[in-house]
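Chemist: The structure follows.
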Amino acid sequence: MTVSLFDQFMSPTYLGIPLLALALTLPWVLYPSPTVRWLSNRLLTLQGWFINRFTQQILMPLNMGGHKWALLLTSLMVFIITLNILGLLPYTFTPTTQLSLNLGLAVPLWLATVLIGLRNQPTAALGHLLPEGTPTPLIPILIIIETISLFIRPLALGVRLTANLTAGHLLMQLTSTAAFALLCSSPTVALLTTGLLFLLTLLEVAVAMIQAYVFVLLLSLYLQENV
């Protein structure tokens, strides 16, 4: 039973070939391409409105130097939110439940923000390791603590996204298993459990969108400190 619960998080294979690359490229096919007509359809209009609103929200606290990251941050947001929501469909695989993938996204982007800060303003970037007005005996300890917290940031980004999605998927599977088990013995309780499963599904859709937004928002905050 324990093994079967976590089987849903295993990377699918076909004839020994991992299908993770297919799962990562499929979401881009689902989005409509821009039209050459003067008037777009409702789907393209809604898509453009969502991307514009999100880009404005993310770039609001950043100065002009950080606006160069607009395309990257917006594409990352759309990519993660699509993977998260598609993973809620039956018989699908959620790549963002893999810690390796999330760290593969978090570590390079976090490292890029740190390197940008060290290149553009090295004094201010190193100054974050030591708050102003720190007593002299606490200087070595605070430098060590701030350095550790700096290197923990990408790990926290990846673990947060992985843990929230994994916990939600496990909770949905346990609830659905309980509903099937109670269907014959207690139909009333099974019906109530099914209603709870429906509410959990709505909650997971919200979590999928919120976690994608939090992932990109934290990256923009890290960028704000170094630009």
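Chemist: Can you tell me which residues in segment 38-57 are part of a helix (DSSP H, G or I), open to solvent by 100 Å² or more (accessible area, probe 1.4 Å) and over 19 Å from Trp28 (Cβ atoms)?
Modeler: Arg42, Trp49, Arg53, Gln56
Chemist: Check whether at least one residue in segment 179-192 is without any contact (Cβ under 8 Å) to a residue 40 or more places away in the chain, loosely packed, with under 15 Cβ neighbours inside 10 Å, in a helix (DSSP H, G or I) and in contact with a helix residue (DSSP H, G or I) (Cβ under 6 Å, 6 or more places away or on another chain), and report yes or no.
Modeler: We begin by selecting, within segment 179-192, every residue without any contact (Cβ under 8 Å) to a residue 40 or more places away in the chain; these are 179-192.
After this cut, where a residue has to be loosely packed, with under 15 Cβ neighbours inside 10 Å as well, the list is 180-181, 183-189, 191-192.
Pick out the ones that are also in a helix (DSSP H, G or I) and you get 180-181, 183-185, 187-189, 191-192.
Adding the requirement that they be in contact with a helix residue (DSSP H, G or I) (Cβ under 6 Å, 6 or more places away or on another chain) leaves 183, 189.
Yes, there is a match, as at least one residue in segment 179-192 is without any contact (Cβ under 8 Å) to a residue 40 or more places away in the chain, loosely packed, with under 15 Cβ neighbours inside 10 Å, in a helix (DSSP H, G or I) and in contact with a helix residue (DSSP H, G or I) (Cβ under 6 Å, 6 or more places away or on another chain).
Chemist: Across segment 62-76, what is the total count of residues that are open to solvent by 40 Å² or more (accessible area, probe 1.4 Å) and part of a helix (DSSP H, G or I)? Can you show your working first?
Modeler: To start, the set of residues in segment 62-76 that are open to solvent by 40 Å² or more (accessible area, probe 1.4 Å) comprises 63-64, 67-68, 71-72, 75.
Next, only the ones that are part of a helix (DSSP H, G or I) stay: 64, 67-68, 71-72, 75.
Qualifying residue count, segment 62-76: 6.
Chemist: Among the residues that make up segment 130-149, is at least one of them within 29 Å of Met77 (Cβ to Cβ), hydrophobic (A, V, I, L, M, F, W, C), assigned to a helix (DSSP H, G or I) and open to solvent by 40 Å² or more (accessible area, probe 1.4 Å)?
Modeler: yes
Chemist: Considering only segment 148-167, I want to know if a residue exists there that is under 27 Å from Glu132 (Cβ atoms), at pLDDT 85 or above and in contact with a Pro (Cβ under 8 Å, 6 or more places away or on another chain).
Modeler: no
Chemist: Can you name every residue in segment 90-99 that is open to solvent by 40 Å² or more (accessible area, probe 1.4 Å) and either at pLDDT below 85 or within 16 Å of Leu219 (Cβ to Cβ) (or both)?
Modeler: So in segment 90-99, the residues open to solvent by 40 Å² or more (accessible area, probe 1.4 Å) come out as 90-92, 98-99.
The answer is Pro90, Tyr91, Thr92.
Here is a yes/no grid of residues against (1) within 22 Å of Ala206 (Cα to Cα); (2) free of Cβ contacts under 8 Å to residues at least 60 places away in the same chain:
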| site | (1), (2) |
| --- | --- |
| Arg53 | yes, yes |
| Gln56 | yes, yes |
| Asn63 | no, no |
| His67 | no, yes |
| Gln98 | yes, no |
| Asn102 | yes, no |
| Ala106 | yes, no |
| Pro122 | no, yes |
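Chemist: From the list Leu197, Leu223, exactly one residue is more than 29 Å from Gln57 (Cβ to Cβ), open to solvent by less than 50 Å² (accessible area, probe 1.4 Å) and either out of contact with any Ser or Thr (no Cβ under 9 Å at 6 or more places or on another chain) or modelled with pLDDT of 85 or more (or both). Which is it? First the steps, then the outcome.
Modeler: On the way: Leu223 fails: more than 29 Å from Gln57 (Cβ to Cβ).
The match here is Leu197.
Chemist: Could you list, in sequence order, all residues of segment 105-129 that are open to solvent by less than 50 Å² (accessible area, probe 1.4 Å) and touching a helix residue (DSSP H, G or I) at 6+ places or on another chain (Cβ under 8 Å)? So that I can check it myself, show each step before the final result.
Modeler: The first filter runs over segment 105-129 and keeps only residues open to solvent by less than 50 Å² (accessible area, probe 1.4 Å), leaving 105-106, 109-110, 112-114, 116-117, 124-125, 127, 129.
Once the filter is applied, which keeps residues that are open to solvent by less than 50 Å² (accessible area, probe 1.4 Å) and touching a helix residue (DSSP H, G or I) at 6+ places or on another chain (Cβ under 8 Å), segment 105-129 yields Leu105, Ala106, Leu109, Trp110, Thr113, Val114, Ile116, Gly117, Ala124, Ala125, Leu129.
The values are calculated or read from the model by the stated rules, or taken from the named source; none is laboratory data. Please read these numbers as outputs of a predicted model, since none were measured by experiment. Note that each Cβ is placed from the backbone with ideal geometry, even for glycine, and that neighbours are counted across all protein chains shown. Ligands, DNA and RNA are excluded from the accessible area calculation, which covers all protein heavy atoms including side chains. Shrake-Rupley method; radii C 1.70, N 1.55, O 1.52, S 1.80 Å.
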